[in-house]
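Values in this text are rule-based calculations from the coordinates and carry no lab data. It should be emphasised that the depicted structure is a prediction, and the values quoted were computed from it without experimental measurement. FYI the Cβ positions are ideal-geometry reconstructions off the backbone, even for glycines, and counts take in every protein chain you see.
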Amino acid sequence: MKEFGLRFAEVPNWMAAPPPAPPEAGDTIDLSRLLAALRRQRRVFAIWVMVALGVGVAYLATTPPTFFAGTTVLLANKVDPGIDEVSARESEVITESELESAQEVIRSQPIALAVTDALQLHRDASYLNPPVSGAAQVMGAIRAAIRVPINLLRPAQPAGAADTGTDSVAARRSAIARDLQESIEITRIGRSSAFFIGYASHDPVIATEVANAYAEAYVADLLNANFAATEQTTEWLQQRLDELQASAQQAAMEAERFRTENGLVSSRGALMTEDNVGQLNTDLAEAVTELARSRALMDTYDEVLKQGPEALIGENGLRFSLPGDARLQLLQEALSSLIGRLAEVERDFGPDHEQAVILRNQITQQSQTLFAETERLAEAARGEFEVADARVAALRDSLGLAMDTNSEASEAQVRLRALEQRAATLSMLYQTFLTRFQEMDQQKTFPISNVRILSFAEMPRAPYSPITARVMALMLVLGLIAGFVTAVIREWRDRFLRTGDDVQTETGQRFLGYLPRIVEAAPDAGGTAERAGGSKGGFWSLFVLRTPVQATEALQFRHKRGADAPETGQDRQQAARHLTHVADQPRSLFAETLRNIRFASDVNMADRPGRVIGVSSVRPGEGKSTIAANLATLLAASDDPVLLIDADPRNPGLSRRLHMTGYPGLVEAVMGKAPWRSLIRVQQTTGVHLLSCETPKLMSYSSELLGSAGMRALLADLRTVFPTIILDLAPLGPVVDARVLMPVLDQIVLVAEWGTTPKQLLRATLGQEPAMMDKVLGVVLNKVDMEALRNYVPWASGEAFYQDYGDYFSPTA
């Protein structure tokens, strides 16, 4: 085999110790194993897909077509401008809650009843009697069958009064309305305020009419709602107008009556006392201003007169002016002119010049004249100041008297103003409501709707459902899902040994190889056996023998018949061929696997003369006796004497199959009743020496026999004669016969049946025998279906390419 050859070449001491446990895979997924699982479950997938597609075809054949039609409506942002203004609604954008409310309105019962009445659906036979699909018929039959026992258990209901024709029509209308409410489809288009209204029916005409009728009924319902709201608002406004008009008139009359009773006469919009106080305040302000001006003018003149006439002459002579006094300004200008001329004369002719003396005299006279004028003006300013002061004092007295008079009417004035404000407010509110009432009264004859129909439904040309491609695709997906679930369950339940990796991973033991299931082929007319599987050189034809009955069937039949059942010639021929299969097919994969076992044993026992090999299994019927006999036949072919011992006293299957149950054997040799040399038989065709076992009836001490000193002495004596001794042991399950021989065994070959031996059972059995772990040579898988094996191994593994070795493995010697 390719796998063992490569391992021996790469690791020369591979057989010396078990291979290390594989590393933890962690959370990674082995795709090759996943593909292998899918490959071996492909029939499950195929069955489920075919079933699902069949169901899809049946559904398409029994389901009537359904047609779908739809219309589009747009919802504006205001229900009614007049109502919005009266209710002080300022929203310019439709909210999400308003859009959801609009959808509920479309689904409401009044709209559904309006559509029912508009189309007369309660009298439409096509609507009332739609075709029923096969699936619906089946479900209806199931529900009817379930209701039968329920109705029988229910108490009888008293008979009521017979329904009249009117009640029947009303009930039918209500039922159709409920059906429409459940069937109508309303979808918002994106983030807009537009809605799509759709309806599905078996009749395309009904689908189109219902969709359009829904849109029209919704528009009409909103118009009616707006009209009703406008009518209610108008009535409310009329009542409020009457109340406001009466209240405004009453408030105006109360204000006028209060003014008359308290003598609150007004002038230019104010009371007389208020006019007097205002005028006095104005006059007093003017008088105070005039008093301040007179005081300032008097102080100015007094300052000039205090300095005398000399202050008016000189380079820095006093300069002052008063507005409105032209004579004083002329005198000041004349004095300034004389002073300027004097300065020029003195500069040109000197201060003693005659002209300078004349100018000085003129300046003196002019300054005296200006000073005299200033004294006159100062007396006049002082008189004006006294008059202004007296006027201010008089006005202050008059203002105090007027304010005392006005304070008496202040309380009445405040109340009068409150009455006047109330009357004005009621009058303004009345005018506002009157304007709104006139607008609402005009809008009653022109109702406004906030819904527009953007597109009407058109009659569909093709059915909406069922769509063949969609149904078949859905059925295909469902079939794949069901196949996947079934495959997962099957994989979860398949916890048996299938590959060499399973053996190494679960037990930590080395894997010795695959032993194919022995398939029998019936001989042809000429008496020669033909290889099953087709033409010469085919891979599966390598494992066909020349016997008519399969090995497994014969073993199972033999086990069912019991040890004492009569055995036919066909059974004896089949048993003989199975036990010597390696001799008949020395170039088969079966023989090659046994050679791997021999090679592993040779490597493991390279430095020790002689060996005792035990062949066992964890369960009965896994083929350990066949493997032990064929391994002995293979070892005997090298001309070394090989002894095969049937070491299963409780169930000596090897001896029965070799028809040696009537002869003394192992029991007699161990108990010393006969020398072992006289008990050994030699098979003429293979050269294998055999020590059979005939169990006495009612023998209950087989384990004591095998673990006795006589058994140890017998094996020690046999080692001196036979280089290789093979023991066909009892299974390792609850029977202890094989365990008591562990001390005298050198190697143990465990046989596990492919696809039958549970992984956990083998792991638990080995875990219970720590002393046996060091002596286990390895595990070999028996009765392997080589064709099915490829479905359990990754595509890149060595087992996947066994069919390429057809030229190396041949059924003929």
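Which one, A628, G662, T593, is farthest towards the positive end of the dipole of the range 590-735 when Lys and Arg carry +1 and Asp and Glu -1 on their Cβ?
G662
Tell me the trypsin sites (Lys or Arg not before Pro) within the range 656-755 that lie in a loop according to DSSP and have at most 15 other beta-carbon atoms within 10 Å.
K673, K697
Report the calculated FRET efficiency for E104 and R495 (r = Cβ-Cβ distance, R0 = 41 Å), to the nearest 0.05.
Efficiency computed from Cβ-Cβ geometry: 0.10.
Taking 25 Å as R0, compute the FRET efficiency from the Cβ-Cβ separation of R147 and A171 and round it to 0.05.
0.75
Just for the range 641-737, what percent of DSSP beta bridges are antiparallel, to the closest 5?
20 percent
Please compute, for the alpha-carbon atoms of the range 599-719, the extent along each of the three principal axes and give them in descending order in Å.
Cα extents, longest axis first: 41, 31, 29 Å.
Testing the spin-label approximation: label points 7 Å from Cα along Cα→Cβ at R598 and L330. State their distance in nm.
With each label placed 7 Å out from Cα toward Cβ, I get 16.9 nm.
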